[in-house]
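The values are calculated or read from the model by the stated rules, or taken from the named source; none is laboratory data. None of the values given here were measured: they were computed from a predicted structure. Glycine gets a Cβ as well: all are built from the backbone with ideal geometry, and neighbour counts include every protein chain shown. These accessible areas exclude ligands, DNA and RNA; they are computed on the full protein's heavy atoms, side chains included. Shrake-Rupley method; radii C 1.70, N 1.55, O 1.52, S 1.80 Å.
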Amino acid sequence: MDDRGPRVGRRGLLGAGLLAGAGAALSGCTSGDAPAAAPAATRPPPFDPASWESVRAQFPLDPSHAQFAAYVLASHPAQVRRAIEEHRRGLDTDTDAYLHGEDREGAVREAAAAYLGADAPDVALTDSTTMGLGLLYGGMRLLPGQDVLTTEHDFFATHESLRLLAARTGAKVRRVRLYDDPAKASADEIVSRLKAALKPRTRVVAITWVHSGTGVRTPVRAIADMIAEANRSRDAEDRALLCVDGVHGFGAMADGVEELGCDFLASGTHKWLFGPRGTGVLWGRGRAWDALLPVVASFSNVTVDPGTGDEPYGPGGLLHTPGGYHSFEHRWALDEAFAFHRAIGKERVAARITEQATRLKAGLADLPNVRLITPVSPELSAGLVCCAVDGVDAPAAVGRLRRDHRIITSATPYQDVYLRFGPGIVTTPEQVDQAVRAVATLR
């Protein structure tokens, strides 16, 4: 038995001595029966996860527009909206009792772990991909002489988090270009370029699962296998850790963390998963968490010795979940987003996205005024489809598609600005064909 002191978690840290009164106030009440039932007028339409029409009907998105940018910041499906409102009313009605009642955070962590194919104690709850990356690289322990390898294709959040890591530790951060032409990228080229850049003291390999600027999906499993081979001859403290920004694969692809083979995965859950806005996860593989120091004090039922000043201890996912008050009605509703996707089926969701993305790429590639940026191969792409239209810059194309054709798209936020589509569970193959016809008119 561990004898290092009593356990003090969220309840203790947010107000010792309040729990007894809260328990009496709750008197067995749960998140499902605390608030009154929703009025009939606001009840969602029946949900049949086998029907894509029914899936789309769960979203309040404007049906007169084709929603190819819904992944940027999620619209909430009915189940998530209902859970958010339920938790909001519970907090508004009796904040103390609801806040200190059942372990709703634990339920969310369990749901995330089941979706990831992971263990719940290895899941930290965050507010976004950016927060997850900040916790990951802000807490990374580096020894003198160790360096960091990343790529030229990563988002600002990764590059800036690594710049701050370098400023804190003095470590060198190196960037490698994985491909010259994204449309012609290959798995062998990507893995070989990373392998050539890997050094004996490289401690962190920071990559992105799906590049938001090109739509290229990196072969994470092959990269993990390459790094595992390099680690065979390394001491434990010099083992390279594969860290993945997973946001445009998470919820779009069916791969769990075992299939990916990485050491850390950070992702917002308010994009392709359509979870509550302002939610995310950071997963670490068991003892890989030992490479990190917590960045923000945790309230997640970690173990502390009150008054001693000793370090808290506990599972990595709990230690690295930032404490403080959050938008709890959103965080606690996240388990409904996981349940929604699992009801449909992760593989079915991924297949639906792949089907539409493949159809869209084929249609765009046939247009004489379009240059496809994203690889045609489904093995090297996911839901994002990027293209360039001759004579029309991407922001102008976004505006014209919305105004003239009721097709909502986005433009990539990088030096090379492309027109970007995100077909998913809220779009249809017919809308894909509509989008191709609309792009053909852009001149």
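For the stretch 411-436 versus the stretch 130-148, the spacing of their alpha-carbon centroids is 34 Å.
Sorted largest first, the principal axis extents computed over the alpha-carbon atoms of the stretch 100-155 equal 47, 26, 21 Å. Using only Cα coordinates, the Kirkwood hydrodynamic radius of the chain works out to 23.1 Å. The spacing between the stretch 248-306 and the stretch 354-405, judged by their C-alpha centroids, is 31 Å. Using a 10 angstrom cutoff on alpha carbons, build the Gaussian network for the chain and name the most mobile of 120, 157, 396. Sorting by GNM fluctuation, first place goes to 396. Distance between the modelled labels on residue 56 and residue 92, one decimal in nanometres: 3.3 nm (7 Å Cα→Cβ projection). May I ask you to list the lysines whose Cα is less than 25 Å away from that of residue 361, ignoring any residue fewer than eight positions away on the same chain? Excluding near neighbours in sequence, the set is 184, 271, 346. With Cα atoms defining each centre, the stretch 155-203 and the stretch 86-128 are spaced 34 Å apart in the structure. Relative to the compact-globule estimate of 2.2 N^0.38 Å, the Cα radius of gyration of the stretch 94-229 comes out at 1.27. Taking a straight Cα-Cα cut-off under 25 Å and skipping sequence neighbours fewer than 8 places away in the same chain, the lysines within cross-link reach of residue 172 are 195, 199. Across the chain, Cα pairs under 8 Å and at least six residues apart give a relative contact order of 22 percent.
Taking all protein chains into account, the per residue accessible area for the chain stands at 42 Å² (1.4 Å probe). Within the chain, what whole-number % of the accessible surface is contributed by carbon and sulfur, with the 1.4 Å probe and all protein chains included in the calculation? Heavy-atom surface of the chain belonging to carbon and sulfur, 1.4 Å probe: 53 percent. Dipole of the chain computed with +1 at Lys/Arg Cβ and -1 at Asp/Glu Cβ about the Cα centre; of 115, 68, 251, farthest Cα towards the positive end is 68. Beyond 19 Å, what share of the Cα-Cα pairs of the stretch 159-244 is found? Please give it as a whole percent. Percent of Cα pairs beyond 19 Å in the stretch 159-244: 41.
The value of relative contact order for the stretch 130-265, using C-alpha pairs under 8 Å at least six residues apart, is 24 percent.
A simple charge model with +1 on the Cβ of Lys and Arg, -1 on the Cβ of Asp and Glu and nothing else charged puts the dipole of the chain at about 1100 debye relative to its Cα centre.
Taking every DSSP helix (H) stretch of at least 4 residues in the chain, weighting each as -39,500 (n - 2.57) and dividing the sum by the residue count yields a mean residue ellipticity at 222 nm of -11000 deg cm²/dmol.
Label separation (residue 188 vs residue 65): 4.4 nm, computed from points 7 Å beyond Cα along the C-beta direction. In the stretch 96-180, Cα pairs under 8 Å separated by at least six residues give a relative contact order of 24 percent.
Projecting label points 7 angstrom from Cα along Cα→Cβ for residue 295 and residue 163 puts them 1.5 nm apart.
In whole Hz and in residue order, list the ³J(HN,Hα) couplings for the stretch 277-289 that follow from phi through the Karplus curve 6.51 cos²θ - 1.76 cosθ + 1.60, θ = phi - 60°; x for Gly and Pro. Per-residue couplings from phi come out as 4, x, 10, x, 9, 10, 10, x, 7, x, 6, 4, 4 Hz. Of the listed residues 179, 313, the order by accessible area with a 1.4 Å probe, largest first, is 313, 179.
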